[in-house]
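Let me begin by presenting the structure, written as structure tokens, before commenting on it.
The values are calculated or read from the model by the stated rules, or taken from the named source; none is laboratory data. Note that the coordinates shown come from a computational prediction; the quantities given were computed from them, not determined experimentally. For neighbour counting, all protein chains shown are included, and Cβ atoms are generated from backbone atoms with ideal geometry for every residue, glycine included.
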Amino acid sequence: MNNIITAKFGGTSLADASQIKKVAAIITANPERKYVVASAPGKRFSDDIKITDMLYKCHAQFTNNENYSETLGKIRERYAGIISELGIEFDIDAEISELEKNLAHKDYTASRGEYINSKIIAKFLNWPFFDAADGIFFTSSGVLDEAKTFSTLGEKLKALSCAVIPGFYGALPDGSIKTFSRGGSDVTGSIVARSVNADLYENWTDVSGMLSADPRIVKNPRVIDFITYTELRELSYMGASVLHEDAVFPVRKAGIPINIRNTNRPDDNGTMITASLPKNLSRKAVTGIAGRKGFSSIRVEKSMMNGETGFGAKLLYIFSDNGLPFEHCPTGIDTISVVVNSDLFDEKRDKILREIKNELDPDFVMIEKNLSAIAVVGEGMVSVKGIAAKIFSALANAGINIRMIDQGSDELNIIIGVDEKDYELAINSLYKAMIEA
Ligand code: ADP
Ligand code: ASP
Ligand code: MG
């Protein structure tokens, strides 16, 4: 035990001064919470605009030669309100004018949401501020330089007894700012936890943990008390957006547990994420359900395909050669389908179809659009018979047509493709049958 907790607070947890005061109370309640990773102020109410979104807008207006002063003014006002309500001395105008000088740089602009907010929080706590650009490093190709980051960040942070670190960004080799993808402060939190060798990575948000289904689709879904890194990764990759899908990797390698907690209900235990589940834990075969819309399936048929060596490899190569990652690839005897993100596919559609025709000479190619993919995930599914039958009858009883089935080779998940119009009903039917029942 190192008696170190890394605590990351998300946008809604830091959306205004009263939320920041709740966060300060959480931090000071446990002296082990030494390294705090902060997001930019998020939404205060459902129609509110996140600071990060305003920053992207400001950059876009600047590059399009439009008037950005109203947007920049709104950003200034959000921070000025927080500063005055917290009763701290903070020169927000100096920060805003520095930002204004650099609006041409997209990632720099976006990163100022967390940068300024973290400086404000550090001031309020009377803690040191540590700039993520001084400890999180990307290679020139934009990939996280893990070795350099973990050692440098670890050393620099341990030299401070505590620190507030802005989430969402780091630096490229030339020192310029690069952000992670949206929601990336979760990744920063994981990197910090790993670098300082924390005993625990707490991820504080606005729900009491990982829920067994998306709360915007299912009413009051159950909280998952314990979940493995692998299950969580599957669920977050498939759309359970509470934690960034890449946030698992840095801590998983070091065996640091993640605890998802609710800033507005700090006494709730939240969800504990570990490599293996506590012994004697009894739970259902299915841990959670998640999904995403926006897929297309390209089905290629050719009789005697199975006898043609390398047919599947050639097909997948066409997609990868066009820079298109495939999500699923169910196969039949004479058919093979490739499921891909529709937006990415639409950009390259004609070229890909031409290459499939020329290189594979198929009998038939069919494109199905408006597909959604739903993952039913659980480590217990391997050992329980009849799970697939239960899933199919739940969907059949709801009158939903299944358009794709794909079972992961680890038997940890079953992915079902349904039409986008059936998506919400399918999630609710599966939740009732597999989790609530
Ligand atoms: P933060 O700003 O704290 O990073 P996010 O908005 O990124 O928070 O993530 C929390 C939100 O994720 C919740 O408010 C909830 O609406 C949404 N969400 C989607 N699926 C799930 C799920 N399975 N469990 C919990 N939250 C989920
Ligand atoms: N502020 C960034 C975003 O809105 C990062 C984050 O909140 O994690 O995407
Ligand atoms: Mg988030």
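Need a quick list: strands (runs of 3 or more DSSP E) entirely within segment 358-437 having at least 1 residues that are small (G, A, S).
364-377, 413-419
(1) at pLDDT below 90; (2) within 23 Å of M366 (Cβ to Cβ); (3) among the β-branched types (V, I, T): which one isn't true of V382, the others all being true?
(2)
Enumerate the pairs (first residue in segment 181-192 and away from ligand 3 (no atom under 11 Å from the Cβ); second residue anywhere and among the basic types (K, R) and in a helix (DSSP H, G or I)) with beta-carbon separation below 9 Å, excluding pairs fewer than 6 apart on the same chain, so at least 6 apart or on different chains.
S190/R252
Here are some conditions: (1) away from ligand 2 (no atom under 16 Å from the Cβ); (2) at pLDDT 95 or above; (3) under 24 Å from V340 (Cβ atoms); (4) not basic (K, R). S181 meets all but one. Which one does it not meet?
(1)
Could you check R182 against (1) surrounded by fewer than 24 Cβ atoms within 10 Å (Cβ to Cβ); (2) more than 10 Å from ligand 1 (Cβ to nearest atom); (3) closer than 25 Å to S140 by Cα and say which number it fails?
Result: R182 fails condition (2) only.
Please pick out the residue among K119, K148 that is over 22 Å from C58 (Cα atoms) and touching a strand residue (DSSP E or B) at 6+ places or on another chain (Cβ under 7 Å). Step through it out loud before you land on a result.
Numbers: K119 fails: over 22 Å from C58 (Cα atoms).
Testing whether each residue is over 22 Å from C58 (Cα atoms) and touching a strand residue (DSSP E or B) at 6+ places or on another chain (Cβ under 7 Å) leaves just K148.
Tell me, which residue of segment 227-267 that is polar (S, T, N, Q) and over 9 Å from the mean Cα position of the chain (by Cα) is surrounded by the fewest Cβ atoms within 10 Å (Cβ to Cβ)?
Filtering segment 227-267 down to residues polar (S, T, N, Q) leaves 228, 230, 236, 241, 259, 262-264.
Then drop every residue that is not over 9 Å from the mean Cα position of the chain (by Cα), which leaves 228, 230, 259, 262-264.
Working: T228: 19, T230: 18, N259: 18, N262: 18, T263: 21, N264: 15.
Looking at the filtered set, the residue picked out is N264.
Conditions (1) part of a loop (DSSP other than H, G, I, E, B); (2) away from ligand 2 (no atom under 16 Å from the Cβ), marked per residue:
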position	(1), (2)
R233	no, yes
H244	yes, no
R252	no, yes
I260	no, no
R265	yes, yes
K284	yes, yes
A290	no, yes
G312	no, yes
I318	no, yes
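Select from segment 34-78 the residues that are assigned to a helix (DSSP H, G or I), of a type in the set (D, E) and either more than 16 Å from ligand 3 (Cβ to nearest atom) or at pLDDT below 95 (or both) and list them in ascending order.
Just the residues of segment 34-78 that are assigned to a helix (DSSP H, G or I), to begin with: 51-63, 69-78.
Subset that is of a type in the set (D, E): 53, 70, 77.
Hits for segment 34-78 are E70, E77.
Kindly indicate which of P215, P221, P278 is within 17 Å of the chain's Cα centre (by Cα), outside any strand (DSSP E or B) and either touching a residue at least 12 places away in the same chain (Cβ under 8 Å) or within 15 Å of ligand 3 (Cβ to nearest atom) (or both).
Step by step, each of P215, P221, P278 is checked, and only P215 is within 17 Å of the chain's Cα centre (by Cα), outside any strand (DSSP E or B) and either touching a residue at least 12 places away in the same chain (Cβ under 8 Å) or within 15 Å of ligand 3 (Cβ to nearest atom) (or both).
Quick one: which of G417, G378, G386 is within 30 Å of K279 (Cα to Cα), touching a Ser or Thr at 6+ places or on another chain (Cβ under 9 Å) and small (G, A, S)?
Working: G417 fails: within 30 Å of K279 (Cα to Cα); G386 fails: touching a Ser or Thr at 6+ places or on another chain (Cβ under 9 Å).
Being within 30 Å of K279 (Cα to Cα), touching a Ser or Thr at 6+ places or on another chain (Cβ under 9 Å) and small (G, A, S) holds for just one of G417, G378, G386, which is G378.
Quick check: is even one residue across segment 371-390 over 19 Å from G294 (Cα atoms), free of Cβ contacts under 8 Å to residues at least 40 places away in the same chain, surrounded by 14 or more Cβ atoms within 10 Å (Cβ to Cβ) and more than 26 Å from the chain's Cα centre (by Cα)?
Yes, segment 371-390 contains a residue that is over 19 Å from G294 (Cα atoms), free of Cβ contacts under 8 Å to residues at least 40 places away in the same chain, surrounded by 14 or more Cβ atoms within 10 Å (Cβ to Cβ) and more than 26 Å from the chain's Cα centre (by Cα).
Show the residue pairs that are 6+ apart or on different chains and have beta-carbon atoms under 6 Å apart, the first residue being within segment 231-248 and over 19 Å from E424 (Cα atoms), the second being more than 7 Å from ligand 1 (Cβ to nearest atom) and of a type in the set (F, W, Y).
E245/Y237; V248/Y229
Of the residues Y201, Y237, only one is within 16 Å of ligand 3 (Cβ to nearest atom) and more than 30 Å from L371 (Cα to Cα); which? Lay out the reasoning, then the answer.
Values: Y237 fails: more than 30 Å from L371 (Cα to Cα).
Testing whether each residue is within 16 Å of ligand 3 (Cβ to nearest atom) and more than 30 Å from L371 (Cα to Cα) leaves just Y201.
Regarding segment 169-177, can at least one residue be identified that is more than 15 Å from L14 (Cα to Cα) and aromatic (F, W, Y)?
From segment 169-177, those more than 15 Å from L14 (Cα to Cα) are 169-177; that's our starting set.
If we keep only those that are aromatic (F, W, Y) too, we end up with 169.
Yes; the residues of segment 169-177 include at least one that is more than 15 Å from L14 (Cα to Cα) and aromatic (F, W, Y).
Take A7 and decide whether it is buried (at least 23 other Cβ atoms within 10 Å of the Cβ) and either within 14 Å of ligand 2 (Cβ to nearest atom) or on the phi < 0 side of the Ramachandran plot (or both).
Considered against the rule, which asks whether it is buried (at least 23 other Cβ atoms within 10 Å of the Cβ) and either within 14 Å of ligand 2 (Cβ to nearest atom) or on the phi < 0 side of the Ramachandran plot (or both), A7 comes out as yes.
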